[in-house]
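Structure first, commentary second.
The values are calculated or read from the model by the stated rules, or taken from the named source; none is laboratory data. Note that the coordinates shown come from a computational prediction; the quantities given were computed from them, not determined experimentally. Methodologically, a virtual Cβ is constructed for each residue, glycine included, from the backbone with ideal geometry; neighbour enumeration extends over all protein chains shown. Just so you know, the surface numbers come from the protein's heavy atoms only, side chains and all, with ligands and any DNA or RNA stripped out. Shrake-Rupley method; radii C 1.70, N 1.55, O 1.52, S 1.80 Å.
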Amino acid sequence: MKRLFGWASGGILALMLAMAVLPVGDRRAYAADSILTDVLRRGTVRIAISTGNPPTRFEDENGSLQGYDIDIANYLAKQLGVTIEFIRTDTAGRVAMLQSKKADITIASFTPNLERLKSVGFTDPYLTDVLTLMSRADRKDLGSLADFDRSEVKVAIPRGSTAAKALAKYVPKATVVEFSGTADIVSAIDAGQVDAICSGDALVNWTVKNSGGKYRNAASLGPPEDDAIGFPQGDFVWWLWLNRFVREINEDGTNYTFWVKWYGEVPPPFVKPPQKSP
């Protein structure tokens, strides 16, 4: 992570120097064309989210949005001095929302990778999660990762997620069944349509904890993945503000507080705890 932030700092400096050599009129036009300017003028930031992924993003019994990402989104809007318009989408729709500029950002367990970076932009990471397999607790035949590597084992994943690539790497013989979102994959295993689901460890741990012993965390797929804020590609001014926001919440204890509140555990080292008063 130190290497990542070091690169980001160098990248910011280089881009700022590049802007400095532009004529004043060009710099003004560049800022005026930014999504940041639109957001401030409009007084609203449009945030694409997917729900059904507790404790990260979900609706409570009253239909209100709750969760870790919702706290991040609300704090971001507060720093901007604007209100939020949440735009509901599914896992695959996150990229399309940004490409079409129907959303200004997405905060929805969005992992940067080389394929996505061809069409959308990302900030530095603010969250990590581990892709995890969840099965019924009574499935003794699925006791290890190797047990899932059979064609008769059906694994549900959200369409458009990074889970497909991970499954192809670690259990290539398993049959992958795609659904539109995380809520649908949980419903699928509840209904007995699939043998397991593959999702981030936060959702799996939450589901297992609240299942009354019905489900279990069966196996992890590889190292943690980064999650970041996504935004429409090519807007340096917007990226500069968003990336600074992420770096500040990672360093000043804000993200640490949200992480402990929703996940009940200490975050990785790049998320710093609040400074103690002298």
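At a 1.4 Å probe radius, carbon and sulfur cover how many percent of the accessible area of the chain? Provide the component values of the computation, followed by the final result.
Working: 7330 of 13470 Å².
Result for the chain: 54 percent of the exposed heavy-atom area is carbon or sulfur.
Given a cut-off of 27 Å, name the pairs among 101/261; 214/272; 118/261; 154/209 whose C-alpha atoms lie farther apart than that in the structure shown. Those over the limit are 101/261; 214/272; 118/261.
Secondary-structure-derived ellipticity at 222 nm for the chain, considering helices only, amounts to -11500 deg cm²/dmol, per-run term -39500 (n - 2.57) for DSSP H runs with n ≥ 4.
With the simple model of a label 7 Å out from the Cα in the direction of the Cβ, residue 62 to residue 114 spans 4.8 nm. For the pair residue 150 and residue 42, the difference between a 0.36 nm per residue extended length and the Cα-Cα distance amounts to 33.6 nm. Remark: spin-label model distance residue 210-residue 175 equals 3.0 nm, labels positioned 7 Å along the Cα→Cβ axis. If you take every DSSP beta bridge whose two residues both sit in the chain, what share of them, in percent to the nearest 5, is antiparallel? Around 60 percent antiparallel, to the nearest 5.
Could you give the longest part of the chain that holds none of the GluC sites (Glu not before Pro) found in DSSP loops with at most 11 neighbouring Cβ atoms within 10 Å?
153-264
In this rough spin-label picture, where each label sits 7 Å from Cα along the Cβ direction, the residue 220-residue 79 distance is 2.8 nm.
Around residue 212, what is the net charge, scoring Lys/Arg as +1 and Asp/Glu as -1 over all other residues with Cβ under 13 Å from its Cβ?
Values: positive: 136, 209, 214, 216; negative: 138, 190.
Neighbour charge sum, excluding residue 212 itself: +2.
Accessible area per residue for the chain is 48 Å², calculated with a 1.4 Å probe on protein heavy atoms, without ligands, DNA or RNA. Residue ranking by accessible heavy-atom surface, 1.4 Å probe, largest first, among 97, 134 comes out as 97, 134.
Summing Lys, Arg as +1 and Asp, Glu as -1, what charge do residues with Cβ under 12 Å from the Cβ of residue 166 carry, residue 166 excluded?
Working: positive: 165, 169; negative: 129, 225.
That works out to 0.
Taking every DSSP beta bridge that has both ends in segment 100-232, the antiparallel portion is near 75%.
Match the structure shown to one of the listed values (i) 25.2, 105; (ii) 19.3, 62; (iii) 20.0, 68 of Rg and Dmax of the Cα atoms in Å, computed from it, and give that label. So the structure-derived entry is (iii).
Highest average first, the peptides 41-47, 208-214 ordered by how many other beta carbon atoms sit within 10 Å of their residues are 41-47, 208-214. Taking Cβ atoms as reference points and 12 Å as the exclusive limit, the residues near residue 100 contribute a net charge of +3, counting Lys and Arg as +1 and Asp and Glu as -1.
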